[in-house]
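Okay, structure first, notes after.
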Amino acid sequence: MPEGTFSNSYSRLGPTALGTRGKVQLALAILCNLAIVIMECIAFRLLWVDCPSLKALSIFYTNWSNLFALVFSALFVLLGVPALFRDGRMPHWLKVWRLVVTLQLYVTWLVVFVGFVSMLPTGAVSFAAMYGRSMFVMHLLAPIVSLVSFLFLEGTPRLTWGDAFKAIIPTLIYTAILVPLNFKGIVDGPYDFLRVRQNPTWLNFVYAVTLLPGDYLVAVVGKFLNDVIACRIAGIDRER
C-alpha cells in the first residue's frame, strides 16, 4: 500500500500505520464528525424548546435520522481519536452505520429540497419554514457535512450489496411501524405516503413500489460513490 494511504479495518488489508496523508484524512474526518455532534446537540436543544413533546417528535423521520447522526458521529470521534495515534484502524460496523446515517440524512435533504422548490411558485412555503432554527442543521448542514466526510475523508473498502441493503433497514422499520399506526388512526402522517387511510388505493400502491426501491437506489449510488471516490482517495485496490 502506498505511503500516506488511509488504512483502516474497512480495507481488510491488515494493520498498517497511517502515513502523513492518512493522518490528515482521519483528523479531518474526526473534525467533521465532531462538528456534526455539536450542531446536532444545538439543533435538538432548539427543537425541544419549540416542541417539548417526545410523542410529537418521535414520529418524524428527520428527527430519527439526525439522532442516529449524532450517536454515530460521536462514536466516530471517540474511536477515531485513539486510532489517530495508533494505526488508524476503525471497526467495520461503524463504517456501515456511517453509510446508513449519511444516506438517511441525504434522503431527508433531498425530500425537503424538492418539496421546497416545488412549492416556491405557489407561495405556500418559506425558507424559514423549511430551514429555520433547528431545521437549518437537520435539513441542510448535517446532511452536507456528513456526505462530504463520508465520501472524501473516511477511508472505506468497496462496499458490498449487503452494505447497501443495510442502509434502507431503518427506513423499512420506520415505515413498518408508522403505516399500521396510521391505518388504525392512532397517528396522522406525518408524511403523505404514510396516510394510508386518506390516500386512494392506487396512490398507496405507487408509494409502495417506488419509495423503498428508490431508497435502495440511493443506497446503491452511495456504494458506487464510495467505490469511485472514497476508495480511490484511500488508495484501496479492488478486492479480489
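The values are calculated or read from the model by the stated rules, or taken from the named source; none is laboratory data. Bear in mind that the values here come from a model prediction, so they are computed numbers and not experimental data. Note that we place each Cβ from the backbone using ideal geometry, even for glycine, and neighbour counts take in every protein chain shown.
Looking only at residues that are at pLDDT 85 or above and surrounded by fewer than 14 Cβ atoms within 10 Å (Cβ to Cβ) in segment 157-176, which one is farthest from the chain's Cα centre (by Cα)?
Step one: filter segment 157-176 for residues at pLDDT 85 or above, giving 162-176.
Subset that is surrounded by fewer than 14 Cβ atoms within 10 Å (Cβ to Cβ): 162, 169, 172-173, 176.
Working: Gly162: 17, Ile169: 12, Leu172: 15, Ile173: 15, Ala176: 19 Å.
Ranking the candidates gives Ala176 first.
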Helices (runs of 4 or more DSSP H) contained entirely in segment 39-148, each with at least 2 residues that are under 23 Å from Asp163 (Cβ atoms) and free of Cβ contacts under 8 Å to residues at least 12 places away in the same chain: 61-84, 92-119
Selection within segment 98-111 - crowded, with 19+ Cβ neighbours inside 10 Å and either hydrophobic (A, V, I, L, M, F, W, C) or closer than 11 Å to Ala219 by Cβ (or both): Leu99, Val100, Val101, Thr102, Leu103, Gln104, Leu105, Tyr106, Val107, Trp109
Extreme residue, surrounded by the most Cβ atoms within 10 Å (Cβ to Cβ), among residues of segment 28-71 that are polar (S, T, N, Q) and within 18 Å of the chain's Cα centre (by Cα): Asn66
All positions within segment 209-240 that are loosely packed, with under 13 Cβ neighbours inside 10 Å, β-branched (Val, Ile, Thr) and modelled with pLDDT of 85 or more: Val209, Thr210
Residue that is modelled with the highest pLDDT, among those in segment 13-27 that are surrounded by fewer than 22 Cβ atoms within 10 Å (Cβ to Cβ) and touching an Asp or Glu at 6+ places or on another chain (Cβ under 7 Å): Gly19
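Could you tell me which of the residues Val179, Val187 is crowded, with 16+ Cβ neighbours inside 10 Å and part of a loop (DSSP other than H, G, I, E, B)?
Details: Val179 fails: part of a loop (DSSP other than H, G, I, E, B).
That would be Val187, the only listed residue that is crowded, with 16+ Cβ neighbours inside 10 Å and part of a loop (DSSP other than H, G, I, E, B).
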So Leu153, is it buried (at least 18 other Cβ atoms within 10 Å of the Cβ) and either in contact with a Gly (Cβ under 7 Å, 6 or more places away or on another chain) or touching a residue at least 12 places away in the same chain (Cβ under 8 Å) (or both): yes
